[in-house]
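The values are calculated or read from the model by the stated rules, or taken from the named source; none is laboratory data. What you see is a predicted model, and the numbers here were worked out from it, not measured in a lab. Neighbour counts are summed over all protein chains in view; Cβ atoms, including those assigned to glycine, are modelled from backbone coordinates with ideal geometry.
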Amino acid sequence: MRIAAAQSPSVAGDLAANLQTHLRFIAAAGARQVRLLVFPELSLCGYELPLLRACALTPDDARLAPLRVAATDAGMTIIVGAPLRDDGAALPCIASLTFRPDGGATIYRKQYLHGGEEVHAQPGPVGAHAQPLHSQRYVEAICADSTHAAHARAAADAGATLYVAGVLISASGYDTDATLLQGYARQHRMGVLMANHAAPSGGYVPAGKSAIWAAGGALLAQAPGPGEYLVIAEQQGGMLTPAPHPVVAVPA
């Protein structure tokens, strides 16, 4: 089984254009037999906080149909980032939407907001639920979630063997955040995947360097910097190992 971080770019507020980018990355991942593909935080609209209300989706939004079809056709679990509108809520959540090969879908809502996000979004409920994936179990995180040790600890307590985070991390914050993620892999003996943005979004210049660490903390694969890449690892004998081609540039 192969897992991958999609280091993709996002056009501010353009759901249609970003959907096409997602489908391009899904096709590239499918050609490499990827079974779990994780996109960055708010990948469908960009990290554009003032636009969250305008871009907010509902789980049954018809615009998400191509992702549902792609997950089924590719036999792939696909995790994308988007603002989510909950009935009766004043503000949307920063969420990840998961589309499974069997046609099912799940939602995760960011629990720990970064400073300033509370003006535009509300946090999701605290807690961890591990989702099955072949012989693995994964727990999702969205950016600032992964800076809270309690979040990773809850994932481990829930039985996660994989901790997958869609993020927007700038060059100035990368070393700190990557050290935390590697530490979770080491401390909790779970694989860790981090999918960062490929290009500037919301006024931030991302570091890129999407990465995957094995349980125990060994770095398996890392993008060289910003730019459009798939970062891939595979399960061998119950352990994550580098794929034959662990970093693949995705052509436009």
- Query: Which of (1) surrounded by fewer than 18 Cβ atoms within 10 Å (Cβ to Cβ); (2) out of contact with any Ser or Thr (no Cβ under 8 Å at 6 or more places or on another chain) does residue 121 not meet, given it meets every other one?
  - Reply: (1)
- Message: When the residues of region 12-58 are narrowed to those that are part of a loop (DSSP other than H, G, I, E, B), under 17 Å from the mean Cα position of the chain (by Cα) and of a type in the set (A, V, I, L, M), which ends up farthest from residue 81 (Cα to Cα)?
- Response: 44
- Out of region 22-48, which residues are more than 15 Å from residue 198 (Cβ to Cβ) and polar (S, T, N, Q)? 33
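Okay, residues lined up against (1) out of contact with any Lys or Arg (no Cβ under 6 Å at 6 or more places or on another chain); (2) charged (D, E, K, R); (3) surrounded by 23 or more Cβ atoms within 10 Å (Cβ to Cβ):
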{"position": "23", "(1), (2), (3)": "yes, no, no"}
{"position": "32", "(1), (2), (3)": "yes, yes, no"}
{"position": "40", "(1), (2), (3)": "yes, no, yes"}
{"position": "45", "(1), (2), (3)": "yes, no, yes"}
{"position": "60", "(1), (2), (3)": "yes, yes, no"}
{"position": "64", "(1), (2), (3)": "yes, no, no"}
{"position": "88", "(1), (2), (3)": "yes, no, no"}
{"position": "92", "(1), (2), (3)": "no, no, no"}
- Within region 39-86, how many residues turn out to be touching a Pro at 6+ places or on another chain (Cβ under 7 Å), β-branched (Val, Ile, Thr) and in contact (Cβ under 8 Å) with a residue 40 or more places away in the chain? 1
- Query: Of (1) in contact with an Asp or Glu (Cβ under 7 Å, 6 or more places away or on another chain); (2) among the small types (Gly, Ala, Ser); (3) touching a residue at least 60 places away in the same chain (Cβ under 8 Å), residue 13 satisfies all except one. Which?
  - Reply: (3)
- Note on the structure: The one condition residue 176 fails out of (1) among the hydroxyl-bearing types (Ser, Thr, Tyr); (2) out of contact with any strand residue (DSSP E or B) (no Cβ under 7 Å at 6 or more places or on another chain); (3) closer than 20 Å to residue 2 by Cβ is (3)
- Message: So, in region 62-91, exactly how many residues are at pLDDT 95 or above, farther than 20 Å from residue 47 by Cβ, not β-branched (Val, Ile, Thr) and not in a helix (DSSP H, G or I)?
- Response: 2
- Given (1) closer than 30 Å to residue 203 by Cβ; (2) surrounded by 15 or more Cβ atoms within 10 Å (Cβ to Cβ); (3) touching a strand residue (DSSP E or B) at 6+ places or on another chain (Cβ under 8 Å), index of the condition residue 106 fails: (1)
